[in-house]
1. Would you be able to say whether some residue in the range 329-337 is among the polar types (S, T, N, Q), assigned to a helix (DSSP H, G or I), in contact (Cβ under 8 Å) with a residue 24 or more places away in the chain and under 20 Å from PHE105 (Cα atoms)?
2. When the residues of the range 352-385 are narrowed to those that are out of contact with any Leu (no Cβ under 8 Å at 6 or more places or on another chain) and modelled with pLDDT of 85 or more, which ends up farthest from THR264 (Cα to Cα)?
3. With the condition kept exactly as written, say whether any residue in the range 192-206 is under 18 Å from SER141 (Cα atoms), in a helix (DSSP H, G or I) and not hydroxyl-bearing (Ser, Thr, Tyr).
4. So if I check each of PRO306, PRO341, which one is within 18 Å of the chain's Cα centre (by Cα), assigned to a helix (DSSP H, G or I), at pLDDT below 85 and not aromatic (Phe, Trp, Tyr)?
5. What about TYR216, is it at pLDDT 90 or above, under 17 Å from LEU296 (Cα atoms) and touching a helix residue (DSSP H, G or I) at 6+ places or on another chain (Cβ under 6 Å)?
6. Just checking, which of GLY338, GLY278, GLY302 is under 26 Å from LEU30 (Cα atoms) and either buried (at least 20 other Cβ atoms within 10 Å of the Cβ) or of a type in the set (A, V, I, L, M, F, W, C) (or both)?
7. Residues ILE297, ILE291: which one is among the β-branched types (Val, Ile, Thr), part of a helix (DSSP H, G or I) and crowded, with 24+ Cβ neighbours inside 10 Å?
Amino acid sequence: MKNKKMVLVVFIVALNLRLGISSIPPLIGLIKQDLQLNNFQVSLLTSIPVICMGVMAFGVKRMQQQIGRDRSILFCLFILAMGTASRIIFSNYLSLVISAVVIGFAIAIIGPLLSSLIKEYFPRQTGLLIGVYSISMGVGSAAASRFSLSLADYSWPIALGIWSVLAIVAGVVWSFVMGKKTIQSSASITSSGFPLKKLQAWKMVLFFGLQSGMFYGVSTWLVELLVQKGFSRGEASQYLTIFVIVQMIFSFVIPVLMDHWGNTRRWILICGGLILLGVGCLLTNTLFLLISGIVLIGFGLGGYFPIAMLLPLQASEDPLEASLWTGMVQSFGYIVGGLIPILLGIAVDIFRSFNVFLYVMIILCSGILLLTIQGRGYENDEKSQSGE
C-alpha cells in the first residue's frame, strides 16, 4: 500500500515539472504581439527556466543537507506555485523573466530529489517508475499545450498562471502521504559529491543536454514553423498537442520495455533514427508527411527523455548516489539544453525561417547517435536495465 501511495506521489509531483514551460509556446504569438518582443526575447521565456534547472541543480546537495529531501521537495513545490501564480498579477516582460527563474529553481531541486525517492522505494522497478515520472510530465505538457490557448480567451496571463493550482495540490498530497520522515544524515551527504571525474557521467550529460535541447526546441518553435507553412495558430497548437501526447505515451512505454528487453544503446539508436526520419518529413509541405513527422519525432523524443533519466539511476548504488548522479547530469545537461532554444531564436531572427530549427535538430540528433556508437556508450551492457 505504501508503494502505491508513492507511485501517486511521483505522478502528482512530476505533473508540475513542465507546466511552467509548456504553457508558453502556444501563447508565443500573443505574448510577442502584446509585449512587442522579437523571437530571441520570447525564446528566453522557455530557455531561462531550463538553464536555471541546470545552474541551480548544483544546490541540490546543499539543500538536501540543510533540510532533507522531503522538506526540500515540499518547499520547492510552494516556490513553484508562487512563481507560476505571479504571472497572473505581473505580466510585463521583466516579471515573466523573473518568474521563469523562480520556476527553473524549483524544478532544478525537485527533479534530482524525486529520482532519489524512486531509487529508494523502487530499486528494482526504476524503469517502470521513470515511465510514470515521464508520462506524468507528458500529461502536464499535453494539458498546457491543449488548454493554454483556450484559457487565453480570458487573458494570456491567466492562461500562464492558472497552472499554479496543480502545484498547490501536489504540495498537499506530498504533505499527506509523506508525513514525518527520517532526514538523511548530514555526514553521508557531506561525504559525497558529483561524479565529475567519471567519463561515463559526462557522456550522460551530453546525451541529456542534446535530447533536452531537441525537446524544448520542438516545444518552442513547432507552432511557429507550422504557422509559417500556412496553418492557423489554433491548428498548429493542436499539432503541438499531438506531439506532446505521442511523446508522453512512449516516455512510459519505452522504459517499461527496457526493463525487460534490449540494451540501452539499441533503444537510443532506434529513437534517433525515428527523429531524423521525422525531421525529414517536417521539411516538406505535405499534410500527411507533416503529421507523420510530428508523430515520429514524438516517438523518438518520448524514448530519449526516460533513457536520459534512467542512465544515472543505473549507474548509482543507493538513493543518495542517485541524487548526486542525477543532479550532475541535469545540472550540466539542462544548461546545454536551455541554450539551444535561445540560439534557435537568434538563428530564426537572422534567417527569417523556422526551418533552421529542423537543420539544428539533425545536427543534435546526429551528435547523440555518434556519441552512442563510440566506445561502450553510457553504461555496461552487461548490467541489467533495471539496475540490478
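The values are calculated or read from the model by the stated rules, or taken from the named source; none is laboratory data. This is a predicted model, so every value here is computed, not measured. So basically every Cβ, Gly included, is an ideal-geometry build from the backbone, and we count neighbours across all protein chains shown.
1. Yes; the residues of the range 329-337 include at least one that is among the polar types (S, T, N, Q), assigned to a helix (DSSP H, G or I), in contact (Cβ under 8 Å) with a residue 24 or more places away in the chain and under 20 Å from PHE105 (Cα atoms).
2. Residue satisfying both the conditions and the ranking: TYR359.
3. No, the range 192-206 contains no residue that is under 18 Å from SER141 (Cα atoms), in a helix (DSSP H, G or I) and not hydroxyl-bearing (Ser, Thr, Tyr).
4. On inspection, the qualifying residue turns out to be PRO341.
5. Criteria not met by TYR216.
6. GLY338
7. ILE297
Here's the yes/no breakdown for (1) of a type in the set (D, E, K, R); (2) in a helix (DSSP H, G or I); (3) buried (at least 20 other Cβ atoms within 10 Å of the Cβ); (4) touching a Pro at 6+ places or on another chain (Cβ under 7 Å):
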position	(1), (2), (3), (4)
GLY104	no, yes, yes, yes
ARG124	yes, no, no, no
SER134	no, yes, yes, yes
GLY138	no, yes, yes, no
ALA142	no, yes, yes, no
